[in-house]
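To keep things clear, I will list the structure first and then write my remarks on it.
Read the figures in this text as sums done on the coordinates, not as results from a lab. As the structure is a computational prediction, the values presented were derived from the model and not from experiment. All Cβ positions, glycine included, derive from the backbone under ideal geometry; neighbour counts span all protein chains shown.
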Amino acid sequence: VEPYPAGLMLIGGDAMATEPQSTDIVAWSCGTGATRDVSPPACPSSTPLRMLVTFPDCWDGEALTGLGDESPARYSDANGCPDDFPVPVPQLTIAIDYPPVDPEGLMLASGDIITGHADFWNVWNQDKLEQEVALCLNRDLVCGVSDVGSSR
């Protein structure tokens with residue numbers, strides 16, 4: 001796995017989706033529960049509604065930005081990264097928690113709930129990111145809470 005290059009911009013999910021996305025890319029759950037759904041479930045009043053968005057993990061090795069077919073990244077599959085996106089980068093997933101709500105008629109700013117997506121821009125401390133990838137990810141270690149995003 002290679003660290004994200006400085007300035008890389010990724011989009012996880014598809015804001016233009018017309019069909020439900022794979023729960024490997026966009027998923028809904030109640031809090032940290034293990035069940036992943038394509039649509040928001042009705043959560044207990046004490047549990048937040050959570051949307052998980054996973055970003056592509058294969059980079060083309062050149063471009064830093066782009067949309068749609070011009071995106072610099074793609075998702076891996078059981079065979080790994082596609083030939084034209086040969087550089088594996090860390091798999092990033094973000095969780096967005098919402099207050100418990102009635103999921104009936106719920107909409108996102110991009111439209112229907114099937115349009116779930118998120119943006120990532122690598123502005124992390126690049127030296128720290130490279131160290132974390134080398135010492136943790138590429139050694140298959142869980143290194144604990146990191147300050148990759150800090151400027152120290």
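Using a Gaussian network model of the chain in which every pair of alpha carbons under 10 angstrom is joined by a spring, one finds that among Gly111, Gly61, Gly12 the greatest mean-square fluctuation is at Gly111.
For the options Ser71, Ser39, Ser110, a Gaussian network treatment of the chain with springs between C-alpha atoms closer than 10 Å singles out Ser110 as fluctuating the most. Highest GNM mean-square fluctuation among Leu67, Leu52, Leu129, for the chain modelled with Cα contacts below 10 Å: Leu67.
The ellipsoid that matches the Cα gyration tensor of segment 103-143 has semi-axes, each √(5λ) in whole angstrom, of 36, 14, 7, with the longest given first.
Taking 8 Å as the Cα distance limit and 6 or more residues as the minimum spacing, I'd like the relative contact order of segment 13-148 as a percentage. After rounding, I find 26 percent.
Going by the alpha-carbon gyration tensor, a ≥ b ≥ c the square roots of its eigenvalues, is segment 56-95 rounded (a/c under 1.5) or, if a/c is not under 1.5, prolate (a/b greater than b/c) versus oblate? Taking the square roots of the gyration eigenvalues as a ≥ b ≥ c, segment 56-95 is oblate. For Leu49, the residues 5 or more places off, or on other chains, whose built amide H falls under 5 Å of its own are Gly31, Tyr98, Val101. Judged by the gyration tensor of its Cα atoms, with axes a ≥ b ≥ c, segment 62-152 is oblate; a/c meets the 1.5 cut and b/c is at least as large as a/b. Secondary-structure-derived ellipticity at 222 nm for the chain, considering helices only, amounts to -2000 deg cm²/dmol, per-run term -39500 (n - 2.57) for DSSP H runs with n ≥ 4. Between Val123 and Thr18, the contour length at 0.36 nm per residue exceeds the Cα-Cα span by 34.7 nm. Would you work out if segment 32-111 is rounded, prolate or oblate? Take a ≥ b ≥ c from the square roots of the eigenvalues of the alpha-carbon gyration tensor; rounded if a/c is under 1.5, else prolate when a/b is larger than b/c, oblate otherwise. Taking the square roots of the gyration eigenvalues as a ≥ b ≥ c, segment 32-111 is prolate.
Local charge for Asp112 was computed over the other residues whose Cβ lies under 12 Å away, with Lys and Arg +1 and Asp and Glu -1, and equals -2. The phi torsions of segment 39-45, fed into the Karplus equation with coefficients 6.51, -1.76 and 1.60 and a -60° offset, translate into couplings of 10, x, x, 7, 9, x, 4 Hz, rounded to whole numbers, with Gly and Pro shown as x. Can you give the Rg/Rh ratio of the chain, where Rg is from the C-alpha atoms and Rh is the Kirkwood radius? When Rh is taken as the Kirkwood radius, the ratio is 0.99.
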